[in-house]
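J.: Provided herewith is a single structure, encoded as structure tokens, for subsequent inquiry.
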Amino acid sequence: MSRELLEGSAAIAESAIAAGCRFFAGYPMSPFTGLLENMSQRLPAAGGVCINAESEIEGVNMTLGAAAAGFRAATGSCGQGIALMQEAIAEAALNETPFVVFNMARSQQDYFQCTRGGGWGDYRTITLAPADVPEAVEHTQLAFHLADKHRAPVIVYGDPLIAQTRVGVSIGRRDFGPVPAKDWALDGSTSGTGRSKQVWTWAMGKATEPGPGPDKHWRAIADKFDAIEPLEQRHEQEHCADAETLVVAFGSAGKFVAYVVDELRAEGHKVGWFRPVTLWPFPGPALEAAAASARRVLVFELNAGQMVDDVRLNVPDRRRVQRIGGVSISESGLTYGELMDAPIIRQRILEAVR
Amino acid sequence: MERELIVSGIGGQGIQLLAKTLALAATREGRYAMLSADYGGEMRGGPSKASVVVGDEPLRALPVLPSAWSAILAHHRFSESIVDRIRPGGPVVVNSKLVDTSVLRADLVVHPVDAGAIAVEVASAQAVGFVLLGAYNEVTHMVSNEALVAAMTELLPPYRRQHAPANARALAAGAAALAGVA
């Protein structure tokens, strides 16, 4: 298949449409705006609907509605806008409405937002953190698949480098296997028959046909996320077997760290790298194994220390864990600061190793 | 093999368009390309930088290049941080009236081109970026000249199609300025 030179936002839009996404709603906010623009240009031609909503709250709830009707649907923003969407994301997780949320973030400060969430109730959001544009294309289609497979909202956590870098990519439909039929969808097919369907967070059902109720329903939801946790963990790693130093990083930072560690390895340093691909579920057992021989586990993330919590929970000895990242934002506040740079990462790893 | 180019200039010199043209030409030749752009809010006069990586296999390069094989310097302003990242021996095409080549590192292979004068002579002042790109491609052979012209034409919006012949002349004149150099 021939490759097109596409900006990340355009590549993700094309990939979402290839995955069957037919509804998109959002409110512009840099660096998410490019995805909304591309969706508005491309989705109608594919027979879909793209709406520039009046707010993020409206965008996510429109998406919830389209998804409840059985369509593959998505919304997005950067972390600042997704903060406004938390209630709807929690509701969708608890009433089992599958859709995709694209967090085209300004930095890595939304790890807690993605993995812990800000809504109420016992829910989790599967979060995919691509390292570059080609992986974002893959993750976009995987996200729709996982959402339908588990009837749950799924987050793709991108960043300005993924949104704005142009790369030669080919976009085709990826096949991740079958997903369950949407026999629950509120598609109007049973209206007026006395068998109308219901999507409800409390699951109390109708007077004529009572549902399981909140206690049973929410326990079933909790069990579902417990079952997803071991099933959907994804990660990449290299040079871990004899590594004295293991460097953990996600997203673009994971790509930068892998680049630097590969170089240090070639120079004879006993360093390895580990990149969680799913942030939730966090690939804890794989990290534990990768860190088995490591005297120190360095965490490079562009925030004040968020993923480091999950690293500490999973390595054999949490006293070996050390943060080498930090908050780093450009003057505009819209993209990474100077820390997202291979020479600086190299220097920080070498300082920690000495 | 991956080859990296960093382009540095100021807003209005056509930096972003020349980088996009090269990346698209490489893509149309069936190769892997990556284009990272970095420019401020100001459209004219502010810092404008871009990097292009071209390779025959999936690229390993980072979107923020730790170092680069080659460079195009269109303006002296904002170029210092770029120059530090060019690897020794790398070809550097320089807009000679606006960049003082005497301050550049001695381990670089510098190719001065009076791109402003050439652009005015064969096309217009706005074509300075294409003169530099034509000159750069002459010394690096990154892509074929035909692919460059085709990519330039493809990138023009319909209301600017009339500039395609002038831009093609700018590309050719840039190449002629460095013909036989490398």
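What follows is calculated from the coordinates using simple rules that are stated; it is not laboratory data. Since the model is a prediction, treat every value here as computed from it, not as a measurement. Cβ coordinates were reconstructed from backbone atoms using ideal geometry, including for glycine residues, and neighbour counts include every protein chain displayed.
J.: What residue among A:GLY251, A:GLY284, A:GLN237 has its Cα farthest toward the positive end of the dipole of the stretch A:235-353, where the charges are +1 on Lys, Arg and -1 on Asp, Glu, each on the Cβ?
T.: Selected residue: A:GLY284.
J.: Now for a separate question. Please find the FRET efficiency linking A:ALA220 to A:GLN347, where r is the Cβ-Cβ separation and R0 is fixed at 41 Å, and quote it to the nearest 0.05.
T.: With R0 = 41 Å, the Cβ-Cβ based efficiency is 0.25.
J.: List the lysines whose Cα sits under 26 Å from the Cα of A:LYS255, skipping any in the same chain fewer than 8 residues away.
T.: A:LYS270, B:LYS20, B:LYS49
J.: With just the Cα atoms defining each centre, how far is the stretch B:121-182 from the stretch A:174-245? Give it in Å.
T.: If we compute the Cα centre of each part, the gap is 56 Å.
J.: How much of the DSSP bridge set in the stretch B:3-177 is antiparallel, in percent, rounded to the nearest 5?
T.: Looking only at bridges with both residues in the stretch B:3-177, the antiparallel portion is about 55 percent.
J.: Taking the dipole about the Cα centre of the protein assembly as shown, with the C-beta of Lys and Arg at +1 and of Asp and Glu at -1, give me whichever of A:ALA69, A:THR193, A:ALA181 is farthest to the positive side.
T.: In the protein assembly as shown, that residue is A:THR193.
J.: If you build a Gaussian network model of chain B, linking Cα atoms that sit under 10 Å apart, which residue out of B:GLY90, B:GLY12, B:GLY30 swings the most?
T.: B:GLY30
J.: Let me ask something additional. Determine the gain in length on full extension of the stretch A:THR208-A:ALA227; use 0.36 nm per residue of separation and subtract their C-alpha separation, reporting nm with one decimal.
T.: So the chain would gain 3.7 nm between A:THR208 and A:ALA227.
J.: What does the average come to when, for each residue of peptide A:256-268, you count the partner chain Cβ atoms lying within 10 Å of its Cβ?
T.: Counting Cβ atoms of other protein chains within 10 Å of each residue's Cβ and averaging gives 1.
J.: Continuing with the same structure: Whole-Hz Karplus ³J(HN,Hα) for the stretch A:233-244, in order, using 6.51 cos²θ - 1.76 cosθ + 1.60 and θ = phi - 60°, x for Gly and Pro?
T.: With coefficients 6.51, -1.76 and 1.60, one gets 6, 9, 7, 10, 7, 7, 6, 8, 3, 10, 6, 7 Hz.
J.: Also, I was wondering about something else. So what is the relative contact order of the stretch A:291-354, in percent, for Cα pairs below 8 Å that sit 6 or more residues apart?
T.: The value is 31 percent.
J.: Can you list the HN-Hα couplings for the stretch B:140-152, worked out from phi with the Karplus curve (6.51, -1.76, 1.60; θ = phi - 60°), rounded to whole Hz and with x for Gly and Pro?
T.: These are the phi-based 3J(HN,Hα) values: 9, 6, 4, 9, 6, 4, 5, 5, 5, 5, 5, 5, 4 Hz.
J.: Follow-up question, since we're still on this one. Using the Karplus curve 6.51 cos²θ - 1.76 cosθ + 1.60 with θ = phi - 60°, what ³J(HN,Hα) values do you get for each residue of the stretch A:3-11, in whole Hz, with x for Gly and Pro?
T.: Couplings: 9, 10, 7, 10, 4, x, 4, 6, 5 Hz.
J.: Same structure again: Taking the Cα centre as origin and putting +1 on Lys and Arg beta-carbons and -1 on Asp and Glu beta-carbons, what dipole magnitude results for the stretch A:235-353, to the nearest 20 debye?
T.: 340
J.: Also: Say R0 is 35 Å: what FRET efficiency, to the nearest 0.05, do B:MET1 and A:ALA292 get from their beta-carbon distance?
T.: Efficiency at R0 = 35 Å is approximately 0.40.
J.: Would you mind giving the mean number of other chain beta-carbons within 10 Å of the Cβ of each residue in B:62-75, as a whole number?
T.: Across B:62-75, the average partner-chain Cβ count within 10 Å equals 4.
J.: In addition: For the stretch A:235-353, count the residues as N, evaluate 2.2 N^0.38 Å, and divide the Cα radius of gyration by that value, please.
T.: 0.98
J.: Please work out the FRET efficiency for the pair B:ASP107 and A:ALA304, using the Cβ-Cβ distance as r and a Förster radius of 35 Å; give the result to the nearest 0.05.
T.: 0.30
J.: Arrange B:LEU22, A:LEU84 by Cβ neighbour counts within 10 Å, fewest through most, would you?
T.: Arranged by neighbour count, lowest to highest, B:LEU22, A:LEU84 become A:LEU84, B:LEU22.
J.: Could you quote the convex hull projected area for chain A, Cα atoms only and averaged over all directions, in nm²?
T.: The orientation-averaged projected area of the Cα hull of chain A comes to 18.8 nm².
J.: Among bridges DSSP assigns within the stretch A:164-282, what percent are antiparallel (round to 5)?
T.: Roughly 55 percent of the beta bridges in the stretch A:164-282 run antiparallel, per DSSP.
J.: Shifting gears a bit: Ranked highest first by the average count of other Cβ atoms within 10 Å around their residues, in what order do A:250-259, B:158-167 fall?
T.: A:250-259, B:158-167
J.: Between A:ALA143, A:ALA90, A:ALA53, which gets the highest mean-square fluctuation from a Gaussian network model of chain A, Cα cutoff 10 Å?
T.: A:ALA53
J.: Suppose every Lys and Arg Cβ carries +1 and every Asp and Glu Cβ carries -1, with no other charges. What dipole size does chain B come out with about its Cα centre, to the nearest 20 debye?
T.: About 300 debye.
J.: Tell me the angle of helix A:33-42 to the major Cα principal axis of chain A, expressed in degrees between 0 and 90 and rounded to the nearest ten.
T.: Tilt relative to chain A: about 50 degrees.
J.: At what distance in angstrom do the alpha carbon centres of the stretch B:18-73 and the stretch A:297-343 lie from each other?
T.: Taking the Cα centre of the stretch A:297-343 as reference, the centre of the stretch B:18-73 is 27 Å away.
J.: Same structure, new question: What fraction, in whole percent, of alpha-carbon pairs in chain B exceed 21 Å separation?
T.: That tail contains 43 percent of the Cα-Cα pairs.
J.: Give me the inter-chain shielding for A:156-166: mean count of other chain Cβ atoms within 10 Å, whole number please.
T.: 3
J.: Give me the distance in nm between label points sitting 7 Å out from Cα along the Cα-to-Cβ direction at A:SER170 and A:ARG234, one decimal.
T.: Modelled inter-label distance: 2.0 nm.
J.: Can you give me the angle between helix A:251-266 and the longest principal axis of chain A, using Cα atoms only, in degrees from 0 to 90, rounded to the nearest 10?
T.: 30
J.: Counting only DSSP beta bridges with both residues in the protein assembly as shown, what percent are antiparallel, rounded to the nearest 5?
T.: Rounded to the nearest five, the antiparallel share is 40 percent.
J.: To continue, here is another question. With only Lys, Arg, Asp and Glu charged, each at its Cβ (+1 for the first two, -1 for the last two), find how big the charge dipole of the protein assembly as shown is about the Cα centre; round to the nearest 20 debye.
T.: 140
J.: Just want the ordering: A:VAL308, A:VAL248, from fewest to most Cβ atoms lying within 10 Å of their own Cβ.
T.: A:VAL308, A:VAL248
J.: When we measure straight from the Cα of A:LYS197, which aspartates and glutamates land under 16 angstrom away, once same-chain ones fewer than 8 places off are left out?
T.: Cα-Cα hits under 16 Å: A:GLU96, A:ASP183, A:ASP187, A:GLU209.
J.: For a quick check: sort B:SER124, A:SER15 by the number of other beta carbons within 10 angstrom, fewest at the front.
T.: Starting with the residue having the fewest Cβ neighbours, the order is B:SER124, A:SER15.
J.: Under a 10 Å cutoff between Cα atoms, tell me which one of B:SER70, B:SER81, B:SER102 has the largest fluctuation in the Gaussian network model of chain B.
T.: B:SER102
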